[in-house]
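Here the structure comes first, spelled out in structure tokens, and everything after it is commentary.
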Amino acid sequence: MPGIKRPNVSKKARAVAIEFVASELRRRITDKGPGTFASIHEIMGVVSEEYNELKDAVHRNEMIDIEKELADIAVACIFSLACIHEDHLSW
């Protein structure tokens, strides 16, 4: 069974999205510092909180807020991966 034909996302749009997330990651580190999360439980809490904020933005149908919350989730995930690779999580 053939899938739905979807338009491609351009390289430019992907590059803009990546730069937006990178910029938000830099801002997060500037605002909160580069200190690691304490645990995988803290990581789960942060990602869950961002997800809940995304759900609220979707329910309000506020595209600017949806974009911000998607970036916040991406930043939380990237920073969490960095914390895991740094191997400083307590538990």
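Coordinate-derived values only; no laboratory data. Treat the numbers as computed from the prediction; the structure is a model and nothing was measured. Counting neighbours? That spans all protein chains shown, and the Cβs are built from the backbone with ideal geometry, glycine included.
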Cα centroid separation - region 9-35 against region 64-78, whole Å
9 Å
Mean-square fluctuation check for the chain, GNM, Cα pairs under 10 Å: which of Asp31, Asp65, Asp56 is largest?
Asp31
GNM result for the chain, Cα springs below 10 Å: residue of Val75, Val46, Val58 fluctuating most strongly
Val58
In degrees between 0 and 90, to the nearest 10, how far off the longest principal axis of the chain does helix 11-32 point, with axes built from Cα atoms?
20 degrees
According to the Kirkwood expression over distinct Cα-Cα pairs, how big is the hydrodynamic radius of the chain, in Å?
14.8 Å
Given the candidates Pro7, Val46, Cys83, the one whose Cα lies deepest towards the positive end of the charge dipole of the chain, counting +1 at each Lys or Arg C-beta and -1 at each Asp or Glu C-beta, is Pro7
